[in-house]
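The block underneath contains the structure these notes are about, expressed in structure tokens.
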Amino acid sequence: MAILLKSKGMNALPKWFERKFDFSFPVELFPNLIIRLRGTPARLEELSRDCSREVLVRKPNDKWSAQEHAGHLLDLESLWIARVRDFAGDGTELTKADLSNQKTYEANHNARSMAEILAEFRQARLRLLNNVEANIPAMLERTLLHPRLKVPMRPVDHLYFAAEHDDHHLAWMWTLTRTDARG
């Protein structure tokens, strides 16, 4: 896969913190985003299903392994839930993320089993979606400032942002598990 990216003139996948987002879509995309977020656990399981432990924990260039990317998705679920709750509160800004990803670095996800990470992620994502479905529909037009992007976000924008974050890390996992080191 790395060869394919280079042959297409790309050195790597885009860096998350360099991404730009357009939040001009209608709130009617809410159900689409719920379904997209609901599908992440299955896509995560599918990506890792036929991979050996050796491939899952391999850290090319001392970057995150595929398993660490999966663990990072789990680590971020508490932020997404906090931000959903922010929309139900009376604040003006969304909860800040730890931009250093300290939780992921300290979690030692490669020492765990992938099955454990996948099960915990599925449970955490269900909690997030239950929280969304209980709180968001009544406030689809409310906006809060995103602390890093410095743009107002509606709940539907937050869900899109979370779904894009999922896809970013799933794409990294796909590239890491589809190289010549596949077991």
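Being of a type in the set (Gly, Ala, Ser) and under 14 Å from the mean Cα position of the chain (by Cα) is a description that applies to residue 162. Residues being under 23 Å from residue 15 (Cβ atoms) and free of Cβ contacts under 8 Å to residues at least 40 places away in the same chain are represented in segment 148-165 by at least one member.
The residue list 115, 97 contains one member that is outside any helix (DSSP H, G or I) and among the small types (Gly, Ala, Ser), which is 97.
Filter segment 65-94 for residues that are outside any helix (DSSP H, G or I) and modelled with pLDDT under 95; which is surrounded by the fewest Cβ atoms within 10 Å (Cβ to Cβ)? Among them, the one singled out is 90. Among residues of segment 67-82 that are farther than 19 Å from residue 42 by Cβ, those with a beta-carbon under 6 Å from a residue that is part of a helix (DSSP H, G or I) and among the hydroxyl-bearing types (Ser, Thr, Tyr) at least six positions away or on a different chain give the pairs 75/104.
List the number of the failed condition for residue 173; all other conditions in (1) among the hydrophobic types (A, V, I, L, M, F, W, C); (2) touching a helix residue (DSSP H, G or I) at 6+ places or on another chain (Cβ under 7 Å); (3) within 30 Å of residue 28 (Cα to Cα); (4) not in a loop (DSSP other than H, G, I, E, B) hold. Among (1) among the hydrophobic types (A, V, I, L, M, F, W, C); (2) touching a helix residue (DSSP H, G or I) at 6+ places or on another chain (Cβ under 7 Å); (3) within 30 Å of residue 28 (Cα to Cα); (4) not in a loop (DSSP other than H, G, I, E, B), the lone unmet condition for residue 173 is (3). Scanning segment 63-97 for residues that are within 16 Å of the chain's Cα centre (by Cα) and more than 21 Å from residue 127 (Cα to Cα) yields a count of 5.
The values are calculated or read from the model by the stated rules, or taken from the named source; none is laboratory data. On a predicted model such as this, the values are computed, not experimentally measured, just so you know. Cβ coordinates were reconstructed from backbone atoms using ideal geometry, including for glycine residues, and neighbour counts include every protein chain displayed.
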